[in-house]
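Below is one structure, written out as structure tokens; the observations come after it.
Any read-out appearing in this document is the output of simple, stated calculations on the displayed coordinates, not a laboratory observation. These figures come from a predicted structure and were not determined experimentally. Cβ: placed from backbone, ideal geometry, glycine included. Neighbour counts: every protein chain shown.
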Amino acid sequence: MTEPLLEVNHLKKYFPIQGGIMQRTVGHVRAVDDITFTLNKGEALGLVGESGCGKSTTGRTILRLLEKTEGTVKFKGTDLHELSRKELRAMRPKMQLVFQDPYSSLNPRINVGTAIGEALVDHGLVSKHEIRDRVKEILSICGLAPYHIDRYPHEFSGGQRQRIGIARALIMNPEFIVADEPVSALDVSIQAQIINLLSDLQEQKNLTYLFISHDLSVVEHLCNRIGVMYLGSMVEMAPREELFARPLHPYTKALLSAIPVPDPTRKSERIVLQGDIPSPANPPSGCKFHTRCPFAKEICKQQVPKYEEMASNHFVACHFAGEF
Amino acid sequence: MAQAVDTTSTNAEMPKTKPASPWTLAFRQLRRNKIAMSGLIVIIMMFLICFVGPFLSPYSLETMSGPSNKGPSASHWLGTDKLGRDILLRVMLAGRISLLVGLVAMMVSVAIGSTLGALAGYYRGWVDTIIMRFADIMLSIPALPLLIILGAVLSDIQVPPDQRIYLVMFLLGFMSWPGLARLVRGQILTLREQEFMQAAEVLGLRDKRKIFRHLIPNTIPIIIVVATLSVAGAILMESVLSYLGIGVVPPTPSWGNMISAANNLIDFKKRPWLWIPPGVCIFMTVIAINVIGDGLRDALDPKMKK
């Protein structure tokens, strides 16, 4: 078997909580708490979970936009968090990020051509003369017009801005793209266009995606593997069909039951979770989900369930996986 | 495949509307501001008079061109001074110096202030501490006494008057950067946390590019406003120093050292043509610049408008 493109091992990211006059660290927000997975070239892994469960933080820590607390992130065999700033900079073109908010992720004072092309020039990958042609080419691949090159971000709609963001990531010719909820700021009709664009690009360029979303139906469309996160931990990860057909974790079941089905005659058996997501600064003991789990037993409060492979490629962290 | 997802027109033709940069929009806004535009006209007139006017004058700076201490007349519109030099010509030449001092001092202050402010805000940590503590020290030293001392030193080591004006320019510029540095630093501290700066990080841009292409352009509205107002400040400060005899020194004329004629009670009471013209010039220039500065602030930063 070939080496995976990305290996994430026991990754943790804790944010310190400072309090008191002396700004002492009084606790930690466990945004990402022991995440492990691998990603092969050409794969698209979807990361789902409710707001605040650490999806975005995971994506950003993998790209080392945030420094990790513990664990390793190996990209093509090199540990990103061990690299010096200079080495990291050299690696940057290979892994890119598409942002959630197409408004704040573009600098208002930089025109589209510069925004997309400047990094290539700055890395010395393309000369200043060729850059305009390259930018125009990538603009049309991303469904924008070549004459947009001299315009400023405020002249575009949200969907067009997102295309600019994708073009900016794509022109670097990356192998790996973290898409951090790239469609959740857009309306539904535009969402479909952007998702189609992303999936076309994946086919064409054999890209590897880590697709972060809170919308299972979006992830279902684009990803061949799906990971479900809860409170900083991965609770279940399985190939798409497997996850939708045989969810083993009660949280995944609840999520799946919440997907609206466009069929008025079908009676939905929605599992409604009680209560709010607990604070990641003070997560529940044992299985983090036990406070809201309809099947919770005594052992769930005391022992942290192991994250194990239950079926082929189907990982889950639950004491009673598949028993209910 | 792109067609399948394409909703935007992909005509290769250039549409007629020109791309409007944020600057163009701001300039349109400024044009609608009548007060700022009249300030701009006054400043342009002032520049024209000071830089073109002297060529039209029949007199020269070095020579006495008529009887001394005469009031305004047909041959000397603003009269002559005690050495018989034409006041109008001197006011125009003094204007050159004063405006130049204002502009250069502003440029020095902007160059130092925005660079240091940006570095402090971007790198934070010990870079920030060193730069900002230094700025605090500069701010806590009263400018006037320091400039008086430095002026006295300049007089003591007998710097030639024509070189002295350049020293005055840089001195004024060097005194006024900390305020701007603070503002720029504050802005950069918020800007660096914006998502587009994370995008710059993911793209692996160099720090130099991040600071000078991404961060500073976003602080330019503030820089422009502060810079404009600091031109007025520098002109005033130069006048003060020259009035006290330690800024621009005779024979080089400046509005400030021309006003110092009013020091003398006889000149003050009997010969108002000696000090009123430079006084009016300072007054008009400073008002005009301040008005432009306010207009720019409104145009560039719509959030600050009520």
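Helices that extend 20 Å or more along their long axis by alpha-carbon positions and average at least -1.0 on the Kyte-Doolittle scale are, among the DSSP H runs of chain B, B:34-56, B:87-123, B:125-140, B:161-175, B:177-191, B:216-243, B:276-300.
With helices as the sole contributors, chain B gives -22000 deg cm²/dmol at 222 nm; each DSSP H run of n ≥ 4 counts as -39500 (n - 2.57), and the sum is divided by every residue. Projecting the Cα positions of A:His319, A:Pro305, A:Pro278 onto the charge dipole of the stretch A:224-324 (unit charges on Cβ atoms of Lys, Arg, Asp and Glu, taken about the Cα centre) puts A:Pro278 furthest along the positive direction.
Taking chain B on its own, what percent of its Cα-Cα pair distances exceed 24 Å?
Percentage above 24 Å: 63.
For the stretch B:81-148, just say rounded, prolate or oblate: build the C-alpha gyration tensor, square-root its eigenvalues into a ≥ b ≥ c, call rounded for a/c under 1.5, and beyond that prolate if a/b exceeds b/c, oblate if not. Taking the square roots of the gyration eigenvalues as a ≥ b ≥ c, the stretch B:81-148 is oblate. A cut-off of 5 Å between modelled amide H atoms, ignoring neighbours fewer than 5 places along the same chain, links A:Val98 with A:Val178, A:Ala179, A:Asp180. When restricted to Cα atoms, chain A yields an Rg and a Dmax of 20.9, 68 Å, respectively.
In terms of its C-alpha gyration tensor, the stretch A:224-324 comes out oblate, because a/c is 1.5 or above while a/b does not outweigh b/c. Note on the stretch A:68-82 and the stretch A:143-201: Cα centroid distance 28 Å, given to the nearest whole angstrom.
Taking other Cβ atoms within 10 Å as a rough exposure proxy, B:Ile266, A:Ile21 sort from fewest to most as A:Ile21, B:Ile266. By the Cβ-Cβ criterion of under 4.7 Å, the unpaired cysteines of the protein assembly as shown are A:Cys53, A:Cys142, A:Cys223, A:Cys293, A:Cys318, B:Cys50, B:Cys281. In this structure, the residue pairs whose Cα-Cα separation is over 23 Å, taken from A:Lys74/A:Lys253; A:Lys68/B:Lys208; B:Lys82/B:Lys269; A:Lys41/A:Lys94, are A:Lys74/A:Lys253; A:Lys68/B:Lys208.
Peptide B:203-214 has a mean shielding of 5, counted as Cβ atoms of other protein chains within 10 Å of each residue's Cβ. As a proxy for reagent exposure, A:Ser84, B:Ser75, A:Ser233 were ordered by neighbouring Cβ count within 10 angstrom, fewest first; the result is A:Ser84, B:Ser75, A:Ser233.
Just to verify a number: FRET efficiency for B:Met37 and B:Met284, C-beta to C-beta distance, R0 = 25 Å, to 0.05? Can you show the working numbers first?
Values: r = 15 Å, r/R0 = 0.61.
Between B:Met37 and B:Met284 the formula returns 0.95.
Computed over the alpha carbons of the protein assembly as shown, Rg followed by Dmax gives 33.4, 114 Å.
With the simple spin-label model, which puts each label point 7 Å out from Cα in the Cβ direction, the B:Leu146 to B:Leu25 separation comes to 3.9 nm.
Fewest to most neighbouring Cβ within 10 Å: what's the order for B:Trp275, B:Trp177, B:Trp77? Walk me through the intermediate numbers first.
On the way: B:Trp275 21, B:Trp177 24, B:Trp77 14.
Going from least to most buried by this count: B:Trp77, B:Trp275, B:Trp177.
Rounded to the nearest 0.05, what FRET efficiency do B:Glu193 and B:Asn264 have when you use their Cβ-Cβ distance and R0 = 51 Å? The calculated FRET efficiency here is 0.30. For A:Arg151, nonlocal amide neighbours, meaning residues 5 or more places apart or on other chains whose placed amide H falls under 5 Å from its own, are A:Val112, A:Gly113.
Rounded, prolate or oblate: which fits the stretch A:83-224 when a ≥ b ≥ c are the square roots of the eigenvalues of the alpha-carbon gyration tensor, with rounded for a/c under 1.5 and prolate only if a/b beats b/c? Taking the square roots of the gyration eigenvalues as a ≥ b ≥ c, the stretch A:83-224 is oblate. With the helix formula -39500 (n - 2.57) applied to DSSP H stretches of n ≥ 4, chain A reaches a computed 222 nm mean residue ellipticity of -8500 deg cm²/dmol. As a calculated quantity, the FRET efficiency between A:Gln204 and A:Asp150 at R0 = 35 Å, using C-beta atoms, amounts to about 0.85. For A:Met229, the residues whose amide H sits under 5 Å from its own are A:Val48, A:Gly49, A:Val235, ignoring neighbours fewer than 5 places away on the same chain, with H placed 1.01 Å from N.
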